[in-house]
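Worksheet for the structure shown next.
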Amino acid sequence: MKENNRYKGVIVPMISPLKDDFTVDTEAVGRIVDNFLRYDVAPFIGGTTGEASSLSIPQKEELVKATVAHAKSKAVIYAGIASNCIVETVDMAKRFADLGADVVVANVPSYYPITDAQAAKYCESLADACPVPLIFYNITATTGYSIPLDIVDKLSYHPNVVGLKDSERDVERLDQALKLWKDRPDFVHLIGWAAISSYALKNGSDGIVPSTGNFTPELYADLYANALKGNWDEADRLQELTNKLGALYQKDRTLGESLAALKVVMKVKELCGTQVMPPIYQMEEPAETAYRLDVIAFLKNLNLL
C-alpha cells in the first residue's frame with residue numbers, strides 16, 4: 001500500500017438511489033454519502049453496483065452533483081464513465097470533471113467482442129482524451145473480456161492513468177498484478193473482488209471496492225485500518241464477517257437480482273428506497289416482505305441494526 005498516493009483505501013461502489021419515477025433521490029444520496037464520510041470511505045458513482053449501464057447521462061450527472069455537494073474536499077470522488085460509445089465516454093469524463101469528480105473510472109465496451117489489440121488502442125485513446133486521472137476497470141463478468149495484465153502495465157505509464165480496479169475472480173491473476181505494481185508509487189491496484197479483500201491488502205493491493213460497504217462501511221473501514229497496522233487476524237475475522245453480509249443479498253441470485261436485494265437491505269438501514277432501473281426490477285410481494293424480515297433478523301443478530 002502506498003502512503004503518498006490518494007487513490008487508495010475503502011472505495012464503495014455506491015448504489016444509485018431512485019424515486020418511483022426513476023429520478024435520482026438526492027436526499028438519499030446525501031444520507032448514503034454522509035454515512036461513508038463518517039468512516040473515511042470514498043464514493044464511486046456509476047459503477048456496476050450503481051446500475052450504470054441502465055442509467056441515462058442526466059441521471060448520472062444528478063448523482064455526481066449530489067455526491068459532490070456532500071463529499072467534495074472530504075473524500076476522493078470516483079465517477080464511472082463507461083459506455084459502448086467512446087464519444088459519450090469522453091463527454092462524460094469532461095462533464096463529471098467539471099461537476100467536481102476527482103477521478104474517472106472506465107471499463108472496455110461490452111457489446112462487440114474485442115481483440116487485445118482493439119482493447120489496447122481503445123484504452124490508450126480514452127486515456128489521451130481524459131481531462132482528469134483515469135482508472136481502468138476490469139470486470140469480465142459483464143464485459144466478457146479480461147484486460148491482459150501486459151496491456152494494463154503498458155497503460156500504467158500513461159500520464160493520465162493512475163490505477164486498475166480489478167473485479168476478476170482469479171487469484172493467480174491477482175498475484176501477478178501485485179508483483180507488477182505493489183512497489184509502484186504512481187499506480188494503484190484496487191481489488192473489486194470484495195470476498196478476498198484481506199488477502200489482496202496483505203499482498204500489496206492499495207484499496208478495496210466492496211458493494212457491501214453500501215450498508216456497512218464501518219466494517220470495511222475497520223478491515224482496512226487493521227490491514228494498515230498488520231493486524232491480519234482481525235482483518236481476516238472482518239473478512240469472514242463481511243463475506244456473510246455479502247451472501248445476505250448475493251447468494252443464489254444473479255447480479256441483477258442481488259442489486260434489487262441490496263436495495264431492500266438499504267431500505268432496512270433507512271438509507272434509500274428499493275426502486276431499480278429496468279431491466280432489473282424490484283422484488284415482488286410477498287417475497288420482499290419475507291426477505292426484509294430475514295434481513296432485519298440477520299442484522300440484529302450481528303448487532304448491526
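Can you tell me which residue in segment 33-57 is surrounded by the fewest Cβ atoms within 10 Å (Cβ to Cβ), limited to those that are over 24 Å from Thr143 (Cβ atoms) and out of contact with any strand residue (DSSP E or B) (no Cβ under 8 Å at 6 or more places or on another chain)? Looking at residues that are over 24 Å from Thr143 (Cβ atoms) and out of contact with any strand residue (DSSP E or B) (no Cβ under 8 Å at 6 or more places or on another chain), I get Arg38. Taking the condition without any contact (Cβ under 8 Å) to a residue 12 or more places away in the chain and polar (S, T, N, Q), does Gln176 pass? Taking the combined requirement at face value, the residue does not satisfy it.
From the list Ser83, Ser16, the lone residue that is touching a residue at least 12 places away in the same chain (Cβ under 8 Å) and surrounded by fewer than 21 Cβ atoms within 10 Å (Cβ to Cβ) is Ser83.
Among the residues making up segment 124-165, those that are in a helix (DSSP H, G or I), surrounded by fewer than 17 Cβ atoms within 10 Å (Cβ to Cβ) and of a type outside the set (Val, Ile, Thr) are Glu124, Ser125, Asp128, Ala129, Ala141, Asp150, Asp153, Lys154. Considering segment 99-123, and only residues there that are under 21 Å from the mean Cα position of the chain (by Cα) and part of a helix (DSSP H, G or I), the residue that is surrounded by the most Cβ atoms within 10 Å (Cβ to Cβ) turns out to be Cys123. A single member of Ala97, Ala141, Ala93 is in contact with a Leu (Cβ under 8 Å, 6 or more places away or on another chain), modelled with pLDDT of 95 or more and not β-branched (Val, Ile, Thr), and it is Ala93. Of the residues in segment 248-287, how many are of a type outside the set (Lys, Arg) and exposed (fewer than 13 other Cβ atoms within 10 Å of the Cβ)? Final tally of qualifying residues: 11.
Are there any pairs, at least 6 apart or on different chains, whose C-beta atoms fall under 6 Å, with the first in segment 55-70 and within 10 Å of Leu99 (Cα to Cα) and the second of a type in the set (Gly, Ala, Ser) and surrounded by fewer than 19 Cβ atoms within 10 Å (Cβ to Cβ), and if so, which? Close Cβ pairs satisfying both conditions: Val68/Gly100. Is it true that some residue in segment 56-72 is over 24 Å from Leu262 (Cα atoms) and part of a loop (DSSP other than H, G, I, E, B)? Within segment 56-72, one or more residues are over 24 Å from Leu262 (Cα atoms) and part of a loop (DSSP other than H, G, I, E, B).
Applying the condition of being touching a residue at least 40 places away in the same chain (Cβ under 8 Å) and among the β-branched types (Val, Ile, Thr) to segment 93-148 and asking which residue is nearest to Ser73 (Cα to Cα) yields Val103. Identification of helices (runs of 4 or more DSSP H) wholly contained in segment 212-301 with 2 or more residues that are farther than 20 Å from Gly47 by Cα and among the aliphatic types (A, V, I, L, M) yields 217-229, 232-250, 287-301. Just one residue in the set Ala225, Ala290 is farther than 21 Å from Ser205 by Cβ and either surrounded by fewer than 20 Cβ atoms within 10 Å (Cβ to Cβ) or β-branched (Val, Ile, Thr) (or both); that residue is Ala290.
Checking the conditions here, which among Ala260, Ala235, Ala227 is of a type in the set (A, V, I, L, M, F, W, C) and without any contact (Cβ under 8 Å) to a residue 24 or more places away in the chain? When all the criteria are applied, what remains is Ala260. Report yes if some residue within segment 203-215 is of a type in the set (A, V, I, L, M) and free of Cβ contacts under 8 Å to residues at least 40 places away in the same chain; otherwise report no. No, segment 203-215 contains no residue that is of a type in the set (A, V, I, L, M) and free of Cβ contacts under 8 Å to residues at least 40 places away in the same chain. Checked against the criterion of being touching a strand residue (DSSP E or B) at 6+ places or on another chain (Cβ under 6 Å) and under 26 Å from Tyr291 (Cα atoms), the candidates Ser197, Ser211 yield just one match: Ser211. For Val76, the criteria (1) touching a strand residue (DSSP E or B) at 6+ places or on another chain (Cβ under 6 Å); (2) free of Cβ contacts under 8 Å to residues at least 40 places away in the same chain; (3) of a type in the set (Val, Ile, Thr) hold in every case but one, which is (2).
The values are calculated or read from the model by the stated rules, or taken from the named source; none is laboratory data. This is a predicted model, so every value here is computed, not measured. Here the Cβ is made from the backbone with ideal geometry for all residues, glycine too, and neighbour counts use every protein chain on show.
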